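The values are calculated or read from the model by the stated rules, or taken from the named source; none is laboratory data. Bear in mind that the values here come from a model prediction, so they are computed numbers and not experimental data. Methodologically, a virtual Cβ is constructed for each residue, glycine included, from the backbone with ideal geometry; neighbour enumeration extends over all protein chains shown.
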Amino acid sequence: MSTPTDTYSSASSSASASTILIDPPGLLTSRDAPTVELVLPVHNEQRILEQSVRTLYDYLETHLGCSFQITIADNASTDETLGIAERLAAGLPDVRVLHLERKGRGNALREAWGASRAEVVGYMDIDLSTDLSCLPGLLSPLLESRSDLGIGSRLAPGARVTRGVKRETISRSYNILLRGLLGVGFSDAQCGFKAARREAIAPLLTEVKDDGWFFDTELLYLARRNRLAIHEVPVLWVDDPDSRVAIVATALEDLRGIARLRREARGRSDSPRDQLGPESARGLAELAGQADGRPA
């Protein structure tokens, strides 16, 4: 493992009772565990699932240069997502399906990463908003034991991002809040493009309390507190206009998560100084509502 540090560097981009593992015959039983396992958390993504998985699979097979596994983590989908995932796993030798009866990106990542035997684990959004050419910059420092955790950043120098002004404002406002209220140094907590050395983050997975979108932020916060080496990768990122993320609910959930981490850090659950003021919550929620096209 790399030497623990509290600094952030940039790299250039070039199973529980509610869990069902659906593995094709022979997967991970007749060969060694993969070097890299990438998780795709999905909920009702029948429209883009097959194309995204095949695109990622082709890229990894062509460019990665080491063994890999793609895990489709189905979060209680009610459409044809699970059936499509099972067919993909049956037809592609390094794809498996993890079916969960409970929604939550954080829950899916905790389950998948906790059960993994790979050297490096990671995840990305199913819409592949982050260009896959950024993967080497994310994975190489981890595979070479120069870092413990890698995060894609839409706000780091060198990033190229295509999205609306309002969503950009929300993202920047949220990360300013994180730096000001939690004292973190990373620039983009919520980009759906992260990876880590499994042994480095394994002890932290049981400490993360959030099961939803705040999981990323809480994991990074704990990684910083435990002085893990973190590197950032400026990404090429294009906003998906059909994103399933509920902006308003996610913004409010994140604000509550920040407040909880502040309370826990101070060791007092009722300190007025640890509460986010209603103005902060209302302001970010209003921005989120505008970006989402509906009242906050």
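Evaluate the following for GLY183: is it under 30 Å from GLU144 (Cβ atoms), modelled with pLDDT under 90 and loosely packed, with under 15 Cβ neighbours inside 10 Å? Criteria met by GLY183. Of the residues ARG110, ARG197, the single one that is more than 18 Å from VAL235 (Cβ to Cβ), within 12 Å of the chain's Cα centre (by Cα) and modelled with pLDDT of 95 or more is ARG110. Only a single item in (1) surrounded by fewer than 23 Cβ atoms within 10 Å (Cβ to Cβ); (2) modelled with pLDDT under 95; (3) under 17 Å from the mean Cα position of the chain (by Cα) is not met by ARG154, and it is number (1). For region 44-59, taking the residues that are assigned to a helix (DSSP H, G or I) and touching a helix residue (DSSP H, G or I) at 6+ places or on another chain (Cβ under 8 Å), the one that is nearest to LEU100 (Cα to Cα) is identified as LEU49. Residues considered: THR71, THR130. Of these, the only one that is within 25 Å of VAL208 (Cβ to Cβ), in contact with a Phe, Trp or Tyr (Cβ under 8 Å, 6 or more places away or on another chain), modelled with pLDDT of 95 or more and among the polar types (S, T, N, Q) is THR130.
Can you work out which of the residues in region 218-235 that are in a loop (DSSP other than H, G, I, E, B) and aliphatic (A, V, I, L, M) is surrounded by the most Cβ atoms within 10 Å (Cβ to Cβ)?
Going through region 218-235, the residues in a loop (DSSP other than H, G, I, E, B) turn out to be 226-229, 235.
In the following step, the residues that additionally are aliphatic (A, V, I, L, M) were identified as 228-229, 235.
Numbers: LEU228: 22, ALA229: 24, VAL235: 28.
That would be VAL235.
Taking region 42-84 as the range and being among the aromatic types (Phe, Trp, Tyr) and within 17 Å of SER129 (Cα to Cα) as the test, the residues that pass are TYR57, TYR59. When we screen LEU56, LEU21, LEU27, LEU40 for residues that are crowded, with 16+ Cβ neighbours inside 10 Å and modelled with pLDDT under 95, the only hit is LEU27. Listed by position, the strands (runs of 3 or more DSSP E) inside region 77-176 whose residues that are touching a helix residue (DSSP H, G or I) at 6+ places or on another chain (Cβ under 8 Å) and within 30 Å of LEU252 (Cβ to Cβ) number at least 2 are 95-100, 120-124, 149-153. If you check VAL208, VAL238, VAL233 for being within 22 Å of LEU135 (Cα to Cα) and modelled with pLDDT of 95 or more, only one passes: VAL233.
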